[in-house]
Amino acid sequence: EKNIPIASGIGGGSADAAAVLHALAKQWKAMPNVLENYPAIAAALGADVPMCLMNRPLRAQGIGEALAPVPHMPLLPVVLANTGRPVSTPDVFKALSHASGTPMPAMPPSFRSAQHAADWLSGHTRNDLQEAAMGLCPDIADTLAALSRSGAVFTRMSGSGATCFGLFETVEDAQDAATWLAAVETEWFVEATCLLPSPPLQEEDYPAWADWMKTARSLHSTSPS
């Protein structure tokens, strides 16, 4: 069960397509990893579908079809926020006046913590679509500012928008921030969750992951006190 806004830039349609492919592979008793071995099947459905099949941290290049695993990525607590105003991906690309095209540098061999990941992302990455999307939807700037005020150590728009995300150092920080933001902006979509770490999941990650699977499903639908 998935409850996210439409046209929100977080791969909802691509994830649905990947889920269907997984279900078909299971139904047809396909060989293990058959979908990973035939990425063209997924790429024909959409540029983001191959990544959604993998269920792990990845670096994507090209239009999203060239994927490389990211080793030693820790579990990253995040808060997703969206004001509810959809943004059309084609319109964002039409509004894009300049794309740097500068490739992302090599990633470090490991990220020691969420703060380390946030520092690296802040210094070495960008979203060329963010400025164009903000021109069409000024709410995005308000969303990023609100996430920063909630204590996020790194914020950015996801994909072509309009969902934004904030990274947090701890599970507790993210949960507190989402509770505060949902109380302040009662009409927004606000979801606390975490990003999958690199496999294998470390033993110390299991309690936090299990806790998130319980709280993230209900947080956005729970009336703040």
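The values are calculated or read from the model by the stated rules, or taken from the named source; none is laboratory data. Keep in mind it's a predicted model, so treat the numbers as computed, not measured. Cβ: placed from backbone, ideal geometry, glycine included. Neighbour counts: every protein chain shown. Just so you know, the surface numbers come from the protein's heavy atoms only, side chains and all, with ligands and any DNA or RNA stripped out. Shrake-Rupley method; radii C 1.70, N 1.55, O 1.52, S 1.80 Å.
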- Query: Here are several values of log10 I(q)/I(0) by the Debye sum over Cα atoms at q = 0.07 Å⁻¹: [x] -0.19; [y] -0.23; [z] -0.40. Which one was derived from the coordinates shown?
  - Reply: [y]
- Return the sequence-ordered ³J(HN,Hα) values of segment 153-168 in whole Hz as given by the Karplus equation 6.51 cos²θ - 1.76 cosθ + 1.60 applied to θ = phi - 60°, using x for Gly and Pro. 8, 7, 9, 6, 6, 8, x, 9, x, 9, 5, 10, 9, x, 8, 10
- Item | ³J(HN,Hα) computed for each position of segment 59-66 - Karplus, 6.51 cos²θ - 1.76 cosθ + 1.60, integer Hz, glycine/proline x | 9, 9, 10, x, 9, x, 8, 9
- If amide H atoms are modeled at 1.01 Å from N in the peptide plane, then the residues at a separation of 5 or more from Leu195, or on another chain, having amide H under 5 Å from its own are Leu76, Val78
- Query: Using θ = phi - 60° and the Karplus form 6.51 cos²θ - 1.76 cosθ + 1.60, what ³J(HN,Hα) does each residue of segment 46-56 get, whole Hz, x for Gly and Pro?
  - Reply: x, 4, 8, 5, x, 5, 5, 6, 7, 6, 6
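Tally up the carbon and sulfur contribution to the accessible surface of the chain as a whole percent, 1.4 Å probe, everything protein left in place. Display every interim value, and only then the final one.
Working: 7120 of 12740 Å².
After summing per-atom areas, the C and S share lands at 56 percent.
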- Item | DSSP-assigned coil residues among trypsin sites (Lys or Arg not before Pro) in segment 72-143, each with at most 16 further Cβ atoms within 10 Å | Arg112, Arg126
- Item | Computed over the chain: relative contact order in percent, which uses C-alpha pairs under 8 Å that are six or more apart | 25 percent
- Message: 5 Å is the cut-off here: which amide hydrogens, built 1.01 Å from N in the peptide plane, fall below it relative to Leu58, excluding neighbours closer than 5 in sequence?
- Response: Val70
- Task: Can you pull the one-decimal nm distance between simple spin-label points at Met104 and Glu65, each 7 Å off the Cα toward Cβ?
- Result: 1.9 nm
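Per residue, what accessible area does segment 111-206 have, given a 1.4 Å probe and all protein chains present, in Å²? Before the final figure, lay out each step's value.
Numbers: 4520 Å² over 96 residues.
So segment 111-206 comes to 47 Å² accessible per residue, rounded to a whole number.
First measure r as the distance between the Cβ atoms of Arg56 and His124, then evaluate 1/(1 + (r/R0)^6) with R0 = 22 Å and state the FRET efficiency to the nearest 0.05. Spell out each step's value before the answer.
Values: r = 21 Å, r/R0 = 0.94.
The pair Arg56/His124 has a calculated efficiency of 0.60.
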- Asp91 and Lys2 label points (each 7 Å along its Cα→Cβ direction) are spaced in nm at 2.2 nm
